[in-house]
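The values are calculated or read from the model by the stated rules, or taken from the named source; none is laboratory data. Computed from a predicted model, the values in this text were never measured in an experiment. Cβ placement follows ideal geometry from the backbone for every residue including glycine, while neighbour counts extend to all protein chains displayed. With ligands, DNA and RNA removed, areas are computed over all heavy atoms of the protein, side chains included. Shrake-Rupley method; radii C 1.70, N 1.55, O 1.52, S 1.80 Å.
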Amino acid sequence: MAKGMSFYDSPKYLYTSESVTEGHPDKVCDQVSDAVLDAFLTQDPYSRVACETCATDELVVVMGEITSQGKVDVEKLVRQTLREIGYTDRDLGIGCDTAEVRVALHQQSPEISNAVTRNSVDDPARTGAGDQGMMVGFACKEFVGNRLVDTELMPLTIYLSQQLARRMALVRKEGIMPYLRPDGKSQVTVEYQNGKPKRVHTVVMSVQHDAGVSQDQLRRDLIQNVLQPVIPSILLDKETIIHTNPGESWTFGGPAADTGLTGRKILVDTYGGVARHGGGAFSGKDPTKVDRSGAYAARYVAKNIVAAGLADRCEVQVSYAIGYPEPISVSVETFGSGHVSDNIIDKLVAKHFDLRPGAIIRGLELRRPIYRGTASYGHFGRADLDLPWERTDKAEALRKEALALTKKSSVTTKQATPAARKAVAKSDRKVDAKTAVKLVKKAATRTVAKASGRLAARVAARTNGKTHAPAKSTRKGTARSARSTRGRR
């Protein structure tokens, strides 16, 4: 992309995202940590859990802070998780029955507990954030030409990468490619033109396999059984580059080859680098940790904004201070893709989304054992899981109120001035100050009416199933500064 040129203006822009399979060592650790979390939440929904896992050659260490009324056999849970992933023999990278499991868990710090609870149980007015920090949520529509591509309102690069990684595990488990082993990675580079995906530029698929499998056979099978069922043919052409196991033979993998840790795949877990990231990992954390619940809430806000047709691309940042219920800031960025004013979106977010930790936990029902499934193949854009932060149940209300607010809003002086000048010029006579004011008001009224009509047609087109290209931004792609909708405490 040329210097000074925006994403929407660039004739050629390459973007890449990666994913990993459930057998990747870091993802093994994420799944163990979330399996522990779910087990405690099943017995005690108010469990406080901060569980970290490390896995290496024939050794898994589970450590952290847990305060709960539940009783969980953590070692048994670790072995069960390894078995479900496919690590049934130490030759694969770790053995579910042979590996040593060490458990080092203790209670949560009473100071942190008191800061969060303050003698309340999910009382939005009194439940404080479990830590300071900022969290980011994102959603976008992806158009190929004028056709809206179903990516669950996720960036195309991470969406395709996740699907490829899931498919690698599926063909292994179902015996379609029985010689595959659990560890694997995928990567997709998409060429964008003027903000729209034009073609898939490069695909990388690397997967662990049995000894004796030729690279020619692996390439044929991966293209036929993994790539082709996942990537739409309209995005592939004769120039698309496909790498399969570019490092060639890969028989030695899993934790034996690469030590894994919880929380080391935060971009795989989110938006593949397309959106910014607050830095906090998710797995092994109960919902009082805003690293997790705040990021889920931010995605919920962004997805409903895009689903409502208020913008084609939206990033939401929320920040907290430990012990305080109110967010420090809530900021919304639409990257010039908004179909209503930024001010209207800010007002709607403040009205419809309560982003206090207690309200998030209650509203999204986060005290349930729903986390193990999110620990591989992403926490967002998961049509295979019923995740509350993926629902678009506020989109219709946002759409209706945005239309109403736009009709009521008056044109700013900056917007009215060009129309007023035209009105004065057309009068073909000199006018006094009083007459000029009347001409400005008249021009402003016409501008509001026209803008409201265009908005209604544009938003309706984006919410009734039609597939249209996004309207060209009147802000020429320049991103506005993030704007807080809540005051600083």
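The table for this structure:
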item	result
Per-region count, region 321-345, residues open to solvent by 10 Å² or more (accessible area, probe 1.4 Å) and closer than 15 Å to Gly137 by Cβ	4
Failed item in (1) surrounded by 23 or more Cβ atoms within 10 Å (Cβ to Cβ); (2) under 30 Å from Ile242 (Cα atoms), with Glu18 passing the rest	(1)
Residue within region 252-260 that is in contact (Cβ under 8 Å) with a residue 40 or more places away in the chain, in a strand (DSSP E or B) and out of contact with any Phe, Trp or Tyr (no Cβ under 8 Å at 6 or more places or on another chain) present	yes
When residues of region 286-304 are limited to those that are open to solvent by less than 10 Å² (accessible area, probe 1.4 Å) and over 14 Å from the mean Cα position of the chain (by Cα), the one nearest to Gly195 (Cα to Cα)	Val290
Strands (runs of 3 or more DSSP E) within region 147-210 that include 2 or more residues within 16 Å of Val226 (Cα to Cα), at pLDDT 95 or above and under 22 Å from the mean Cα position of the chain (by Cα)	180-193, 196-209
Subset tally (residues that are within 13 Å of the chain's Cα centre (by Cα), surrounded by fewer than 24 Cβ atoms within 10 Å (Cβ to Cβ) and either under 16 Å from Ser376 (Cα atoms) or not aliphatic (A, V, I, L, M) (or both)) for region 270-280	4
All positions within region 374-386 that are in contact (Cβ under 8 Å) with a residue 60 or more places away in the chain and among the hydrophobic types (A, V, I, L, M, F, W, C)	Ala375, Phe380, Ala383
All positions within region 12-33 that are of a type in the set (S, T, N, Q) and farther than 17 Å from Gln163 by Cα	Gln31, Ser33
Filtered residue count, region 139-170, keeping only those that are among the hydrophobic types (A, V, I, L, M, F, W, C) and surrounded by fewer than 22 Cβ atoms within 10 Å (Cβ to Cβ)	6
Filter result (over 18 Å from Trp389 (Cα atoms) and touching a strand residue (DSSP E or B) at 6+ places or on another chain (Cβ under 6 Å)) within region 301-318	Ala311
Matching residues, region 189-212, being among the hydrophobic types (A, V, I, L, M, F, W, C) and either without any contact (Cβ under 8 Å) to a residue 12 or more places away in the chain or open to solvent by less than 10 Å² (accessible area, probe 1.4 Å) (or both)	Val190, Val200, Val203, Met205, Val207
Residue among Gly336, Gly273, Gly309 that is in contact with a Leu (Cβ under 6 Å, 6 or more places away or on another chain), of a type outside the set (Asp, Glu) and at positive phi	Gly273
Pair list, Cβ < 7 Å and 6+ apart or interchain, from region 328-346 residues that are of a type in the set (Ser, Thr, Tyr) to residues that are open to solvent by 10 Å² or more (accessible area, probe 1.4 Å) and in a strand (DSSP E or B)	Ser329/Ser319; Ser329/Ser484; Ser331/Gln317; Ser331/Ser484; Thr334/Arg313; Ser337/Arg313
Pairs where the first residue, in region 130-158, is among the charged types (D, E, K, R) and the second is assigned to a loop (DSSP other than H, G, I, E, B), C-beta under 6 Å, 6+ apart	Lys141/Asp312; Glu142/Thr151; Arg147/Thr467; Glu152/Gly381; Glu152/Ala383
Flag if Ala104 is of a type in the set (Gly, Ala, Ser), without any contact (Cβ under 8 Å) to a residue 60 or more places away in the chain, loosely packed, with under 15 Cβ neighbours inside 10 Å and in contact with a strand residue (DSSP E or B) (Cβ under 7 Å, 6 or more places away or on another chain)	yes
Region 221-268 - residue that is under 30 Å from Glu315 (Cα atoms) and in contact with a Gly (Cβ under 6 Å, 6 or more places away or on another chain) and, of those, least open to solvent (accessible area, probe 1.4 Å)	Thr262
Every pair of residues 6+ apart whose Cβ atoms lie under 8 Å, when the first sits in region 63-79 and is touching a residue at least 12 places away in the same chain (Cβ under 8 Å) and open to solvent by 40 Å² or more (accessible area, probe 1.4 Å) while the second is basic (Lys, Arg) and not in a helix (DSSP H, G or I)	Glu65/Arg48; Thr67/Arg48
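Yes or no, residue by residue, for (1) more than 22 Å from Arg199 (Cα to Cα); (2) part of a loop (DSSP other than H, G, I, E, B); (3) aromatic (Phe, Trp, Tyr); (4) in contact with a Pro (Cβ under 7 Å, 6 or more places away or on another chain):
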{"residue": "His243", "(1), (2), (3), (4)": "no, no, no, no"}
{"residue": "Val274", "(1), (2), (3), (4)": "no, yes, no, yes"}
{"residue": "His277", "(1), (2), (3), (4)": "yes, yes, no, no"}
{"residue": "Gly280", "(1), (2), (3), (4)": "yes, yes, no, no"}
